[in-house]
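> I am attaching a structure below and will ask some questions about it afterwards.
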Amino acid sequence: MIQTFMETTNQAPDTRPESKPQPKPAPKRRVVNAFFPTLGVAILLATLFTAWTPNSLFASNLQEQLRLILTPQAGPNTIINTPQPQLRIGIVAGHNGNDSGAVCMDEDGQVDLTEADVNLKIAELVEKGLAAEGIQVDLLNEFDTRLNGYRAVALISIHNDSCEYINEEATGFKVASSLDTRDVNRAQRLTACLVDRYQRTTQLSYHAGSITRDMREYHAFSEIDPNTITAIIETGFLNLDRDILTNQTELVASGVTQGILCFIKNESVLPTPAPTLAQ
């Protein structure tokens, strides 16, 4: 035992460095979580610089540009209801606000009926009918100041013919458009629609032979914007057609309304032959 101890003690001392406990490896940082926000910011900044064209770089509407860029955009299957502009139609109540027009007398020589009154009643009903279809209507006087440069899809002036008895053929209606219209095709279409729908509705005959140059050179045609399509309609003769004009005014107004809607909605209609001007 002693020998063994001495042998052991006589051995050279162990000079190896004392082993120390190794530190645990540091956990890996989650780079992914920080990467995506950084990427998102980079994309946003790139988008902003792309959106800022040289003309808008120094503009004062930065907030608006940011709002547009950051607002979620509609998907491919999203239905967007875009409001459509409202159509505008001008209706002139012939002679209204200026004079009486044709005057009908009773047996005692007293004023029994005036063209202006009949025209206005028809025009008001046409206005109501078109408004029910969502159309904006301007009801205008004969020499309305709004006619100066007036712009609309169309302008229709409503009149009636003489109270005097002429002959048995002095019955029916007539329609004319401006001689100086810029768009002949559309003007002819408006005329054709009015003739077709009014005749179907009222069953009155088309009295083309009594269309005069005064109708085609109606003063309002030269006052309004030249791009506004025009027409003038005389819905009947105040003598032989008086009953339908005064007692079935709703029917008469419906005929005019349907003619205008035919034009606006591009409905099918046969072309109206050009009438021969009366002297």
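> All but one of (1) closer than 21 Å to Cys104 by Cβ; (2) in contact (Cβ under 8 Å) with a residue 40 or more places away in the chain hold for Leu190; which doesn't?
So Leu190 meets the others, but not (1).
> Is there a residue being touching a residue at least 24 places away in the same chain (Cβ under 8 Å), part of a loop (DSSP other than H, G, I, E, B), of a type outside the set (D, E, K, R) and touching a helix residue (DSSP H, G or I) at 6+ places or on another chain (Cβ under 8 Å) anywhere in segment 250-267? Walk me through how you get there before you give the answer.
Restricting attention to segment 250-267, the residues satisfying the condition of being touching a residue at least 24 places away in the same chain (Cβ under 8 Å) are 250-264, 267.
Narrowing further to those that are part of a loop (DSSP other than H, G, I, E, B): 267.
From what's left, of a type outside the set (D, E, K, R): none.
No: segment 250-267 contains no residue that is touching a residue at least 24 places away in the same chain (Cβ under 8 Å), part of a loop (DSSP other than H, G, I, E, B), of a type outside the set (D, E, K, R) and touching a helix residue (DSSP H, G or I) at 6+ places or on another chain (Cβ under 8 Å).
> Starting from segment 168-183, keep only residues that are modelled with pLDDT of 95 or more and among the aromatic types (Phe, Trp, Tyr), then list their pairs with residues that are assigned to a strand (DSSP E or B) and open to solvent by 40 Å² or more (accessible area, probe 1.4 Å) whose Cβ atoms are within a distance under 9 Å, requiring at least 6 positions of separation or different chains.
Phe173/Tyr206
> List pairs: first in segment 87-108 and over 16 Å from Asn160 (Cα atoms), second among the small types (Gly, Ala, Ser), Cβ under 8 Å, 6+ apart or cross-chain?
These pairs meet every condition: Leu87/Gly134; Arg88/Ala152; Ile89/Ala152; Ile89/Ala154; Gly90/Ala152; Gly90/Ala154.
> Applying the selection to segment 188-213, what residues are modelled with pLDDT of 95 or more and open to solvent by less than 50 Å² (accessible area, probe 1.4 Å)?
Those that are modelled with pLDDT of 95 or more and open to solvent by less than 50 Å² (accessible area, probe 1.4 Å): Leu190, Thr191, Ala192, Cys193, Leu194, Val195, Asp196, Arg197, Tyr198, Thr201, Thr202, Leu204.
> Considering each of Arg242, Arg216 in turn, give the residue that is open to solvent by 70 Å² or more (accessible area, probe 1.4 Å) and either in contact with a Ser or Thr (Cβ under 6 Å, 6 or more places away or on another chain) or touching a residue at least 60 places away in the same chain (Cβ under 8 Å) (or both).
Checking each option against the conditions leaves just Arg242.
> Tell me the residue from Thr235, Thr230 that is touching a Phe, Trp or Tyr at 6+ places or on another chain (Cβ under 6 Å), surrounded by 16 or more Cβ atoms within 10 Å (Cβ to Cβ), under 18 Å from Gly101 (Cα atoms) and of a type outside the set (Phe, Trp, Tyr), please. Talk me through it step by step, then tell me what you get.
Details: Thr230 fails: under 18 Å from Gly101 (Cα atoms).
Exactly one residue qualifies, and that residue is Thr235.
> Right, here's the next one. Kindly indicate whether any position in segment 103-111 is closer than 17 Å to Ala220 by Cβ, surrounded by 12 or more Cβ atoms within 10 Å (Cβ to Cβ) and over 17 Å from the mean Cα position of the chain (by Cα). Break it down stepwise before answering.
Step one: filter segment 103-111 for residues closer than 17 Å to Ala220 by Cβ, giving none.
Looking through segment 103-111, none of the residues is closer than 17 Å to Ala220 by Cβ, surrounded by 12 or more Cβ atoms within 10 Å (Cβ to Cβ) and over 17 Å from the mean Cα position of the chain (by Cα).
The values are calculated or read from the model by the stated rules, or taken from the named source; none is laboratory data. Owing to the predicted nature of the structure, the values given are computational and were not obtained by experimental measurement. For neighbour counting, all protein chains shown are included, and Cβ atoms are generated from backbone atoms with ideal geometry for every residue, glycine included. Surface accessibility is based on the protein's heavy atoms, side chains included, excluding ligands, DNA and RNA. Shrake-Rupley method; radii C 1.70, N 1.55, O 1.52, S 1.80 Å.
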